[in-house]
Amino acid sequence: SKCDSNAHVELSYMEVYNEEIRDLLSGEKNNAQLRIRETLNGEVYVRGLEARTVSNPAEVGKLMEEASGRRVVASTKMNATSSRSHAICVLRIKGVLDDSIKFQSKLTLVDLAGSERIKKTMASGSRAQEGISINKGLFVLGQVVGALAEQRPKLKRKPPFRDSKLTRLLQDSLGGNSRTIMIACCSPADFNIEETINT
């Protein structure tokens, strides 16, 4: 509305599976070519990732549904359709305001896979490796958030963004002039008390 409906909006959707980036908008692409890069002004992007222009919320919803259907899911003892990856949907918005000021912004929507204990999921082989990768990303994310939130000067440390693909991709969505909202999914069951506290 601030730029007379002339904003240009692009959507991209990816997942971090076993510390590898997979393009969820393009099912046939060679994902080995996808590389995390950073612009001179600090914006993080994935080179080779497909982006599609969208013009209304319905188109966004349709593409998100299509991309979500390509996510890696599998059955474990704790969840019949467990997400085995962290999914990241990015909406890039560019436009010109009434007073001829150009702007660009980015909205990042992230669906994190839940932390899991291998003892409970009874996972083995590739399922167990997936769980280890999921937990690694969540662990590093916790360290990054902790470092960013630390108020005491003596305990200030550099956030370890580069320790995980997930946190590297979210680097400019967590620090700087970004605003971050997190929604935690907790279980009321005693059986899941450790996971809930961990979350």
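The values are calculated or read from the model by the stated rules, or taken from the named source; none is laboratory data. Keep in mind that what you see is a predicted model, and the values were worked out from it rather than measured. Cβ: placed from backbone, ideal geometry, glycine included. Neighbour counts: every protein chain shown. Just so you know, the surface numbers come from the protein's heavy atoms only, side chains and all, with ligands and any DNA or RNA stripped out. Shrake-Rupley method; radii C 1.70, N 1.55, O 1.52, S 1.80 Å.
General observations
- With 31 Å as the limit on Cα-Cα distance, the pairs of Lys102/Lys136; Lys62/Lys94; Lys2/Lys156 that go past it are Lys102/Lys136; Lys2/Lys156.
- Relative contact order (%) - criterion: Cα under 8 Å, at least six apart; region: the chain: 21
- Helix axis angle, 57-68 relative to the chain longest principal axis, alpha carbon, degrees: 40
- Protein accessible area in the chain, 1.4 Å probe - carbon and sulfur %: 53
- Highest mean packing comes first when the peptides 43-54, 11-22, 96-107, 176-187 are listed by Cβ atoms within 10 Å, giving 11-22, 43-54, 96-107, 176-187.
- The residues of the chain have, on average, 64 Å² of accessible surface per residue, using a 1.4 Å probe with all protein chains present.
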